[in-house]
Amino acid sequence: MTLTYSTIALLFPAIPLLFLVYSNTSNAVGARLRELFELSESTEISKKNFDRIKAETEYLGKRLTLLRSAQLVAGITFLFNITTLIGIYIENQNIAQILFACALFSMMSSIIIYLIEIIITVKAVDFLVQKIKQRN
């Protein structure tokens, strides 16, 4: 298979979209963490509420770590895709193909990390739904 500029151009629109999704999600998580921090600083907080805030903070921290990892790997994807351009430019198809394969694998890794983050989020939401159902 011969790589051309149009082949590797397939990844270029996807990478910024990944960054956009990851950034929006991490901004939302960060905003919630800041809310929890402000709430935890309140002197009128009960032990039960503090324990709940602490548990939610740990959960959000785990999500934020996964999101940052997904962003990092997406950045590596972008670098591999750009270096693939260099391989095509210097007319070395072997290097270009290896770099493009690395770009594809790193993009898949980034998406897998994000899917893990989504699974964690869905489990947390399911837990909350079950608690609400138990109250009735």
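The values are calculated or read from the model by the stated rules, or taken from the named source; none is laboratory data. Owing to the predicted nature of the structure, the values given are computational and were not obtained by experimental measurement. For neighbour counting, all protein chains shown are included, and Cβ atoms are generated from backbone atoms with ideal geometry for every residue, glycine included. Heads up: the accessible areas ignore ligands, DNA and RNA and are worked out on the full protein's heavy atoms, side chains in. Shrake-Rupley method; radii C 1.70, N 1.55, O 1.52, S 1.80 Å.
A few points about this structure:
- 3J(HN,Hα) along the range 5-17: 4, 5, 5, 6, 5, 4, 7, 4, x, 6, 5, x, 5 Hz, from the Karplus curve 6.51 cos²θ - 1.76 cosθ + 1.60 with θ = phi - 60°, whole Hz, x for Gly and Pro.
- Cα point-scatterer Debye curve for the chain, base-10 log of I(q)/I(0) at q = 0.10, 0.13, 0.16, 0.19 Å⁻¹: -0.49, -0.67, -0.85, -1.03
- Looking at the range 1-41, the GluC sites (Glu not before Pro) that sit in a DSSP loop and have at most 13 other Cβ atoms within 10 Å of their own Cβ are GLU41.
- Debye intensity ratio in log₁₀ form over the Cα atoms of the range 1-53, taken at each q of 0.21, 0.24, 0.26 Å⁻¹: -0.81, -0.88, -0.94
- Accessible surface of the chain, 1.4 Å probe, proportion on carbon and sulfur as whole %: 68
- In sequence order, calculated HN-Hα J values of the range 104-111 (Karplus, 6.51, -1.76, 1.60; Hz; x Gly/Pro): 5, 5, 6, 5, 4, 4, 4, 5
- Computed [θ] at 222 nm, helices only, for the chain once each DSSP H run of length n ≥ 4 contributes -39500 (n - 2.57): -31000 deg cm²/dmol
- Mean separation of Cα contacts under 8 Å (6+ apart) over length of the range 1-119, as relative contact order %: 33
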